[in-house]
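All remarks here apply to the structure that follows.
The values are calculated or read from the model by the stated rules, or taken from the named source; none is laboratory data. Since the model is a prediction, treat every value here as computed from it, not as a measurement. Using ideal geometry, Cβ is built from the backbone for each residue, glycine included, and neighbour counts are taken over all protein chains shown. Accessible surface areas use protein heavy atoms only, side chains included; no ligands, DNA or RNA. Shrake-Rupley method; radii C 1.70, N 1.55, O 1.52, S 1.80 Å.
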Amino acid sequence: MWFVLAFLSALLLGFYDVFKKKALKANAVVPVLTLNVLFSSLLFLPFIVLSAMGKIGEDALLHVPVYGWAEHKYIVGKSLIVLASWLFGYWGIKNLPLTIVGPINATRPVMVLIGALALFGETLTLFQWLGVMTAMVGLFLLSRSGKKEGIDFRHNKWIVFVLLSNILGALSGLYDKYLMAAPENGGIGLDKMAVQSWFNIYQLGMMTAMLLLLWWPQRKKSTPFHWVWSIPLISLFLSAADFAYFYSLSLDGAMISIVSMIRRGSVVVSFLFGALAFHEKNLKAKLIDLLLVLLSMVLLFIGSQ
């Protein structure tokens, strides 16, 4: 069940990247991200309130348990990591083609895999190893194909931003496993709904401060902000993708290395939209590499049975 949820998360995450790219076109990053966090917070705030009032039972899927600072301090830490990753990622995807950002983002599971093997002692089956290796080869070739876009990977700051976003994202993924793993398994045992609900709330406070203190005074000197309807869709698809992701990690036997790899299958969705909606270039050179990514997803699925 956990790997089915991981595939669902990947599909939703692909649409999230598409709407993010569309919303950021000639638009200011900080207010777009602030609105994204605001809408995500509004989606989960009713569950926090209703759970505290006893209207949502403790056994319900959407119940948010009441925690003290002992637990919330870990969620604040996650909020800082994720927010830094998003800021770098938003600026990167704003200034680079989706068919470039997707493959770079897909290197994240390699970082997570190394961390999962080192920190959590996870072991992979033969098919899972084959899936991981196939994905690594496919994504490496896909990244090389991106050089035909005329982007110098060594001297382009937006490439650096996307790489930093991925490093922080990999750290966040490993931290998620630690947050939700049972204490007897070396984790803290936090509830998935509490983590997803409250880290959005904390991020809203952080982004509001950034909006008012940093962006607003300089708004006339930077890229102007304009409203587009893809902004709330970013929040909707990201919240749904994260819900499936957190639910997957909370299930027995869930492996962060495999879940993270499957989620990077979102590159397929972003690739198709990059081709059809954004008319990006050099698609034929990237198609075979993309098929290797698809093959890796099949191998991971077989290995998880």
- Message: Debye calculation, C-alpha points only, no solvent: report log10 I(q)/I(0) for segment 1-50 at q = 0.13, 0.27, 0.28 Å⁻¹, in the same order as the q values.
- Response: -0.46, -0.96, -0.97
- Query: Got a number for the accessible area of residue 11? Probe 1.4 Å, square angstrom, nearest 10.
  - Reply: 90 Å²
- Note on the structure: Here the FRET efficiency for residue 272 versus residue 212, based on Cβ atoms and R0 = 25 Å and rounded to 0.05, is 0.05
- Note on the structure: Taking only protein heavy atoms and a 1.4 Å probe, the highest-to-lowest accessible-area order of 264, 144 is 144, 264
- Message: Once ligands and nucleic acids are excluded and a 1.4 Å probe is used, how much of residue 289 is accessible, expressed in Å² to the nearest 10?
- Response: 10 Å²
- Message: Could you put 104, 188 in order of accessible surface area, largest first, with the 1.4 Å probe and the full protein assembly present?
- Response: 188, 104
- Accessible area in the full protein assembly, largest first, 1.4 Å probe, for 137, 228: 137, 228
- Probe 1.4 Å - accessible area at residue 73, Å² to nearest ten: 100 Å²
